[in-house]
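The values are calculated or read from the model by the stated rules, or taken from the named source; none is laboratory data. It should be emphasised that the depicted structure is a prediction, and the values quoted were computed from it without experimental measurement. As a convention, Cβ positions derive from the backbone with ideal geometry for all residues, glycine included, and neighbour counts pool all protein chains shown.
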Amino acid sequence: LAALGLLAAGGGGLALALRSTLDAGELEMHPPSFPWSHGGPLAALDHSRYRGDAGTRGEPRRAAGPSPPLPPLPPSLRRGFQVYKQVCSACHSMEYMAFRNLIGVTHTEAEAKALAEEVEVVDGPDENGEMFTRPGKISDYFPKPYPNAEAARAANNGALPPDLSYIVNARHGGEDYVFSLLTGYCDPPAGVTVREGLHYNPYFPGQAIGMAPPIYNEILEFDDGTPATMSQIAKDICTFLRWAAEPEHDHRKRMGLKMLMISGLLASLLYYMKRHKWSVLKSRKMVYRPPK
């Protein structure tokens, strides 16, 4: 077992050393680590629509008595959904995200129903065997911008826009990479040429990306009045994509804290059992006395 452990440790060290060498030889820049508000071990995503706790369905919780509701806070997740709906959804799908997932996180149930009803969904067949369209329901998933992958490639010069449902988990660097990619468009340096139809981005593998710069200052107006700068837009959509890829983010951290507290209690009990129960067995000595 000791030899197997040494072999595993040596293999892991060799893999890490080779990975560092490969990273040094890559052509793209590595994204910096940004101080995300949800990056801490106990930090939650910004989906609170009002000061204080939100209701079970995302409704504001009113103060005791006749006091009016507390003033709203800027919800990054709600703004991020607005960015996806008005900017990203023109090319990118989120086929694993349903309108019901927004309830209590970015929208109320009534707002989620209104968003779903804006979409025409092809359903059926009916009693005549024909397909028909109907208003969307909260159980429906976000609509796709293209009917199939071939249509998506044809509309984007051969490039296939990836689905954004799990893009933060699917890219090394997570939201740091997505933020750097969205804000990293620039002119190519001297001596670097990019063929027609591509755009220079030092954070993309190969440094040439088919997607044109998707965001810029004041490309949209946020509902809560937040200035729509490029960095603010990129931050909000990255926060929304983090939640989409990991909707259990906040619950996982809460459960982790509870498990740490329970583990501390269990560790104390186990230590007591070791000292007062197993110590007798561990210190027992067997003496052989030959028969006379």
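For residues that are among the aliphatic types (A, V, I, L, M) and under 12 Å from the mean Cα position of the chain (by Cα), scanning just the stretch 167-183, find the one that is surrounded by the fewest Cβ atoms within 10 Å (Cβ to Cβ). Write out each step before concluding.
Of the residues in the stretch 167-183, the ones among the aliphatic types (A, V, I, L, M) are 167-168, 170, 178, 181-182.
Imposing the further condition that a residue be under 12 Å from the mean Cα position of the chain (by Cα) reduces the set to 167-168, 170, 178.
Values: ILE167: 20, VAL168: 22, ALA170: 12, VAL178: 21.
So, considering only residues that are among the aliphatic types (A, V, I, L, M) and under 12 Å from the mean Cα position of the chain (by Cα), the one surrounded by the fewest Cβ atoms within 10 Å (Cβ to Cβ) is ALA170.
Just need a number here: residues in the stretch 217-235 that are of a type in the set (D, E, K, R), under 24 Å from the mean Cα position of the chain (by Cα) and either more than 28 Å from GLY39 (Cα to Cα) or surrounded by fewer than 15 Cβ atoms within 10 Å (Cβ to Cβ) (or both).
Within the stretch 217-235, residues that are of a type in the set (D, E, K, R), under 24 Å from the mean Cα position of the chain (by Cα) and either more than 28 Å from GLY39 (Cα to Cα) or surrounded by fewer than 15 Cβ atoms within 10 Å (Cβ to Cβ) (or both) number 3.
Quick check on my filter: what residues within the stretch 88-105 are in a loop (DSSP other than H, G, I, E, B) and under 18 Å from TYR166 (Cα atoms)?
Scanning the stretch 88-105 gives CYS91, HIS92, SER93, MET94, GLU95, TYR96, MET97, VAL105.
So which of PRO188, PRO202, PRO214 is free of Cβ contacts under 8 Å to residues at least 40 places away in the same chain and surrounded by 14 or more Cβ atoms within 10 Å (Cβ to Cβ)?
Testing whether each residue is free of Cβ contacts under 8 Å to residues at least 40 places away in the same chain and surrounded by 14 or more Cβ atoms within 10 Å (Cβ to Cβ) leaves just PRO188.
So which residues in the stretch 219-276 are charged (D, E, K, R), more than 30 Å from ALA170 (Cα to Cα) and either part of a helix (DSSP H, G or I) or modelled with pLDDT of 95 or more (or both), if there are any at all?
LYS274, ARG275
Which pairs have Cβ atoms under 6 Å, sit 6 or more apart or on different chains, and link a residue in the stretch 169-182 that is assigned to a helix (DSSP H, G or I) to one that is of a type in the set (Lys, Arg)?
Within 6 Å, the pairs are GLU175/ARG242; TYR177/ARG171.
Going by the structure shown, is PRO189 modelled with pLDDT under 95, more than 19 Å from CYS238 (Cα to Cα), in contact with an Asp or Glu (Cβ under 7 Å, 6 or more places away or on another chain) and not hydrophobic (A, V, I, L, M, F, W, C)?
no
Provide a single number: the residues in the stretch 1-55 that are within 20 Å of GLU248 (Cβ to Cβ), modelled with pLDDT of 65 or more and of a type outside the set (S, T, N, Q).
Number satisfying all stated conditions: 11.
Using the structure shown, decide if PRO161 is in a loop (DSSP other than H, G, I, E, B) and free of Cβ contacts under 8 Å to residues at least 40 places away in the same chain.
Numbers: in a loop (DSSP other than H, G, I, E, B): yes; free of Cβ contacts under 8 Å to residues at least 40 places away in the same chain: no.
Spelling it out, it is not the case that PRO161 is in a loop (DSSP other than H, G, I, E, B) and free of Cβ contacts under 8 Å to residues at least 40 places away in the same chain.
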